[in-house]
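What follows is a short report on a single structure.
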Amino acid sequence: MREPTMADIAAHLGVSRQLVSIVLRDMPGASDATRRRVTDAARELGYSLNLGARTLRQSRSRQLGVSFVPVHPTEPDVVAAMYPAAAALGYQVVLSAQTGSRTTGECVEELMTYRCAAIIVIGSDLSAGELADLAERCGVPLVVVGTAAPDPRFDVVRSTGAHGLSGATDHLVQLGHRAIAYVHSPGLPVAPDRRRGHLRAMRSHGLATDIITTRGPDYTEEAGAAAARGLLARATLPTAVMAANDQAAIGMLGVLARAGVRVPQDVSVSGFDDSRVAQLSCFDLTTVRQDPGRMGAAAVSAAVRRADAPALAPQTMVVETELVVRTSTGPPRVR
């Protein structure tokens, strides 16, 4: 007897297969009542039980669970790089998205129902202690991408964020800037590391720091826009402004442009990530690139390494960053 399919559930309920897929993949777009109908029907037809049995028949899981935050502009690129890297090693990728209503812990719990051989968490805002607890609860190797310090309980894949921001600051100083403002967004998980890099560079050049801390957890375009409005309220603008990520930098560019401030003639602006938006000709943003392809491949390599040999100790893998100079930065204006 063949296993039931989503199409069978859809025909049983008289709904579309797409709706059944939305519910079973836990995606938005279905009411609570509809979700109950679909899950009850799936249970009645034996859909979930058969999928579980199929997984249990495998002598060993070949799936890597990945928790990521879709609104982060670089994370989809990191995830995209994981698919070929995992396939080359005989593994599949299973995704779980962290949203405003879904925490990292909930994503990981969902992934564990698929008997994943290892879990990869990208862009988590969990503390070091919370990540350690998560590693204990997983029962399989955990890889944290982008945010964590080295820890004996899980692998870490990160970029040289502090070094990247330090190099971006050096670039502005070499152009002749001395009044450099830095937009620090505490809600960004990697913000403390990037801020350290900027402060280190400013101190090495003997320059006074000018840190603008955004309010709340926001680190998107609106946080950058709010920082730009604060700068415009000053009597004198700095000659350069740096942001901890491209999203905030793009938000600043929009507000400055509407106020008639020329970039880079009046103010140079730089970011971090080298997101696809930063590369658009209308922004042409100077930024620090952290290679998403290498990050994704490194995360898969770390996960498979310990999935294949659980007794191995966790490691930290560091991916180098690269300064990408575009037209949003230039020499300071002549006062």
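The values are calculated or read from the model by the stated rules, or taken from the named source; none is laboratory data. Treat the numbers as computed from the prediction; the structure is a model and nothing was measured. Here the Cβ is made from the backbone with ideal geometry for all residues, glycine too, and neighbour counts use every protein chain on show. Surface areas here come from the heavy atoms of the whole protein model, side chains and all, with no ligands, DNA or RNA. Shrake-Rupley method; radii C 1.70, N 1.55, O 1.52, S 1.80 Å.
What residue, among those in the stretch 66-86 that are small (Gly, Ala, Ser) and either out of contact with any helix residue (DSSP H, G or I) (no Cβ under 6 Å at 6 or more places or on another chain) or outside any helix (DSSP H, G or I) (or both), is surrounded by the most Cβ atoms within 10 Å (Cβ to Cβ)?
Going through the qualifying residues, I end up with Ser67.
Residues that are of a type outside the set (Val, Ile, Thr), surrounded by 10 or more Cβ atoms within 10 Å (Cβ to Cβ), at pLDDT 85 or above and part of a helix (DSSP H, G or I) within the stretch 1-33 comprise Asp8, Ala10, Ala11, His12, Leu13, Leu19, listed in sequence order.
Does the stretch 257-273 contain at least one residue that is under 30 Å from Tyr91 (Cα atoms) and either modelled with pLDDT of 95 or more or not aromatic (Phe, Trp, Tyr) (or both)?
Filtering the stretch 257-273 down to residues under 30 Å from Tyr91 (Cα atoms) leaves 273.
Next, only the ones that are either modelled with pLDDT of 95 or more or not aromatic (Phe, Trp, Tyr) (or both) stay: 273.
Yes - at least one qualifying residue is present in the stretch 257-273.
Can you confirm whether the stretch 223-230 contains a residue that is in contact with a strand residue (DSSP E or B) (Cβ under 9 Å, 6 or more places away or on another chain), closer than 24 Å to Thr99 by Cβ and not hydrophobic (A, V, I, L, M, F, W, C)? Yes, that holds for at least one residue.
Quick test of your reading of the structure: Leu131 fulfils all but one of (1) touching a Phe, Trp or Tyr at 6+ places or on another chain (Cβ under 8 Å); (2) modelled with pLDDT of 95 or more. Name the failing condition by number. The one condition Leu131 does not meet is (2).
Does Gly224 fit the bill of being surrounded by fewer than 20 Cβ atoms within 10 Å (Cβ to Cβ), on the phi < 0 side of the Ramachandran plot and in a helix (DSSP H, G or I)? Walk me through how you get there before you give the answer.
Working: surrounded by fewer than 20 Cβ atoms within 10 Å (Cβ to Cβ): no; on the phi < 0 side of the Ramachandran plot: yes; in a helix (DSSP H, G or I): yes.
Criteria not met by Gly224.
The residue pairs whose first member lies in the stretch 86-102 and is farther than 14 Å from Gly65 by Cα, whose second member is at pLDDT 90 or above and among the hydrophobic types (A, V, I, L, M, F, W, C), and whose beta carbons are closer than 6 Å, counting only pairs six or more residues apart or on different chains, are Leu89/Val304.
Checked against the criterion of being crowded, with 18+ Cβ neighbours inside 10 Å and in contact with a helix residue (DSSP H, G or I) (Cβ under 7 Å, 6 or more places away or on another chain), the candidates Ala162, Ala168 yield just one match: Ala162.
Among the residues of the stretch 171-204, the ones that are open to solvent by 10 Å² or more (accessible area, probe 1.4 Å), touching a Leu at 6+ places or on another chain (Cβ under 7 Å) and not in a helix (DSSP H, G or I) come to 1 in all. Considering the stretch 34-65, the residues that are under 25 Å from Arg305 (Cβ atoms) and not in a helix (DSSP H, G or I) include one that is modelled with the lowest pLDDT, namely Gln58.
Quick one: in the stretch 230-261, which of the residues that are of a type in the set (A, V, I, L, M, F, W, C) and in a loop (DSSP other than H, G, I, E, B) is most open to solvent (accessible area, probe 1.4 Å)?
Just the residues of the stretch 230-261 that are of a type in the set (A, V, I, L, M, F, W, C), to begin with: 231-233, 235, 237, 240-244, 248-250, 252-253, 255-257, 259, 261.
With in a loop (DSSP other than H, G, I, E, B) added as a condition, the list becomes 233, 235, 237, 244, 259, 261.
Working: Ala233: 86, Ala235: 110, Leu237: 39, Ala244: 1, Ala259: 58, Val261: 21 Å².
So, considering only residues that are of a type in the set (A, V, I, L, M, F, W, C) and in a loop (DSSP other than H, G, I, E, B), the one most open to solvent (accessible area, probe 1.4 Å) is Ala235.
For the stretch 103-135, the tally of residues that are closer than 19 Å to Asp193 by Cβ and touching a residue at least 40 places away in the same chain (Cβ under 8 Å) stands at 5. The residue pairs whose first member lies in the stretch 297-324 and is more than 30 Å from Val277 (Cα to Cα), whose second member is of a type in the set (Ser, Thr, Tyr), and whose beta carbons are closer than 7 Å, counting only pairs six or more residues apart or on different chains, are Val304/Tyr91.
So which residues in the stretch 207-217 are open to solvent by less than 70 Å² (accessible area, probe 1.4 Å) and either at pLDDT 95 or above or under 16 Å from Ala162 (Cβ atoms) (or both)? Lay out the reasoning, then the answer.
First, pick out the residues of the stretch 207-217 that are open to solvent by less than 70 Å² (accessible area, probe 1.4 Å): 207, 210-212, 214, 216.
Result: Leu207, Asp210, Ile211, Ile212.
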